[in-house]
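Asker: Once you've had a glance at the structure underneath, I'll fire off some questions.
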Amino acid sequence: MKKLFPIILVGFLLNFGSTFAQNTYEFLRVDMSARAAALGGSFISYFDDPDIIFYNPAGMMLTKNSPVSFSFTKHLLDVNLASFSYSTELQNIGRVGAAVKYINYGTFDRADEFGNRNGEFGAGELALLLGYAGTLDKNFYYGANAKIIYSSIEDHSSSAVALDLGIHYTIPSQQINIAAVVLNLGTQLSSFINTNEDLPVDVAIGISKRLKNLPLRLSLDFHKLTEKRDDFVQRFKAFAVGTEFYLSKVFILRFGYDNEKRSELKVGTTAGIAGFSAGLGVNISDYRFDYGYSSLGLIGGLHRISLVTAF
């Protein structure tokens, strides 16, 4: 069964991913990790971070100890997001993980058809993840997440279930990591209206490399590979690149670029620094503090913080 897993995953990538439109539970696409966001979201081939469970569960297999991560994102207006992730090794079984992603859209005025206000209501969304990672072969790993998704607006709600499936291959001698993943493959259990909506399926591949003679790690991801585009070249429009520069054992600088976000956030002929991101990591004892800033151009920017520890 382990040997068949890559074949099954490729089947999802090539045959099933393109059948899904992407118009609900879009919060699943939002980067929660300050580290990943600072890298422009180019993160699926990483492994040394508990938040990899959100990007590619196969990467958990290379994570050491039992790390925990808590992240907070200050979005626009009163919208706030938070996440929690954890993974640990089970001897002779593999690695298991759990995570939560939550978004609160704030409060809104309730009004009738005549515009008369009669109170307030809230809106929010939640995703619960349970993940597993194992070994296919030497330096070759696989992983899967099961997700429960819930969304609510006032006294209305919808729910869904989904799977993430990923593979990760590493070349230790060259410090190269290659990964592929399909995210949010699932269906709604209940909807706000009578018609079910599709989940934001994302098919992605990525590669990262730690340079031998420089304190630098480079990464490149391609997302939404099965979405319909005008031509073959446009299929690779949704790419992100990231750079980690290790100033010392304590300080890490990060920079990233998301090409699709830049094109989507362009206003007229002006995009400002939309799509660009930057951040800082600080290692103190067994803790790491991460900060990430992502520019939305003329709209503003997002600030994220993460605290990561292992015990």
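The values are calculated or read from the model by the stated rules, or taken from the named source; none is laboratory data. In this text, all values refer to a predicted model and were calculated from it rather than measured experimentally. Backbone-built Cβ (ideal geometry, glycine too); neighbour counts: all protein chains shown.
Here's the yes/no breakdown for (1) within 22 Å of the chain's Cα centre (by Cα); (2) modelled with pLDDT under 90; (3) of a type in the set (D, E, K, R):
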| residue | (1), (2), (3) |
| --- | --- |
| Glu260 | yes, yes, yes |
| Leu280 | yes, no, no |
| Phe289 | yes, no, no |
| Tyr293 | yes, no, no |
| Leu296 | yes, yes, no |
| Gly300 | yes, yes, no |
| Ala310 | yes, yes, no |
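Asker: Take region 250-270 and flag every residue that is touching a residue at least 40 places away in the same chain (Cβ under 8 Å) and either farther than 11 Å from Ser294 by Cα or surrounded by fewer than 15 Cβ atoms within 10 Å (Cβ to Cβ) (or both).
Answerer: Arg254
Asker: Let me ask you something else. Testing Gly301 on (1) within 27 Å of Pro50 (Cβ to Cβ); (2) in contact with a helix residue (DSSP H, G or I) (Cβ under 9 Å, 6 or more places away or on another chain); (3) without any contact (Cβ under 8 Å) to a residue 12 or more places away in the chain, one condition comes back false. Which one is that?
Answerer: (2)
Asker: Would you check if there is a residue in region 216-229 being outside any strand (DSSP E or B) and of a type in the set (Asp, Glu)?
Answerer: Yes - at least one qualifying residue is present in region 216-229.
Asker: Which condition number in (1) farther than 14 Å from Ser69 by Cβ; (2) free of Cβ contacts under 8 Å to residues at least 24 places away in the same chain; (3) surrounded by fewer than 17 Cβ atoms within 10 Å (Cβ to Cβ) is the one that Tyr287 fails?
Answerer: Against the list (1) farther than 14 Å from Ser69 by Cβ; (2) free of Cβ contacts under 8 Å to residues at least 24 places away in the same chain; (3) surrounded by fewer than 17 Cβ atoms within 10 Å (Cβ to Cβ), Tyr287 comes up short only on (1).
Asker: Does Leu189 satisfy being among the aliphatic types (A, V, I, L, M), surrounded by fewer than 17 Cβ atoms within 10 Å (Cβ to Cβ) and under 25 Å from Gly166 (Cβ atoms)?
Answerer: Numbers: among the aliphatic types (A, V, I, L, M): yes; surrounded by fewer than 17 Cβ atoms within 10 Å (Cβ to Cβ): yes; under 25 Å from Gly166 (Cβ atoms): yes.
Yes, satisfied.
Asker: Tell me, please, whether a residue that is surrounded by fewer than 12 Cβ atoms within 10 Å (Cβ to Cβ), among the charged types (D, E, K, R) and at pLDDT 90 or above can be found in region 134-142.
Answerer: Yes - at least one qualifying residue is present in region 134-142.
Asker: Are there any pairs, at least 6 apart or on different chains, whose C-beta atoms fall under 6 Å, with the first in region 187-213 and more than 18 Å from Asp31 (Cα to Cα) and the second of a type in the set (Lys, Arg) and in a strand (DSSP E or B), and if so, which?
Answerer: Cβ pairs passing all conditions: Arg210/Arg217.
Asker: Filter region 49-83 down to the residues that are over 13 Å from Ser306 (Cα atoms), buried (at least 17 other Cβ atoms within 10 Å of the Cβ) and small (Gly, Ala, Ser) and list them by number.
Answerer: Once the filter is applied, which keeps residues that are over 13 Å from Ser306 (Cα atoms), buried (at least 17 other Cβ atoms within 10 Å of the Cβ) and small (Gly, Ala, Ser), region 49-83 yields Ala58, Gly59.
Asker: Between residues in region 55-67 that are more than 7 Å from Ala133 (Cβ to Cβ) and residues that are β-branched (Val, Ile, Thr) and assigned to a loop (DSSP other than H, G, I, E, B), which pairs lie under 8 Å by C-beta distance while being six or more apart or on different chains?
Answerer: Tyr55/Ile44; Asn56/Ile44; Gly59/Ile44
Asker: Further question on the same structure: Lys237 is checked against (1) exposed (fewer than 13 other Cβ atoms within 10 Å of the Cβ); (2) within 28 Å of Leu165 (Cα to Cα); (3) of a type outside the set (S, T, N, Q) and fails just one. What number does that condition carry?
Answerer: Exception for Lys237: condition (1).
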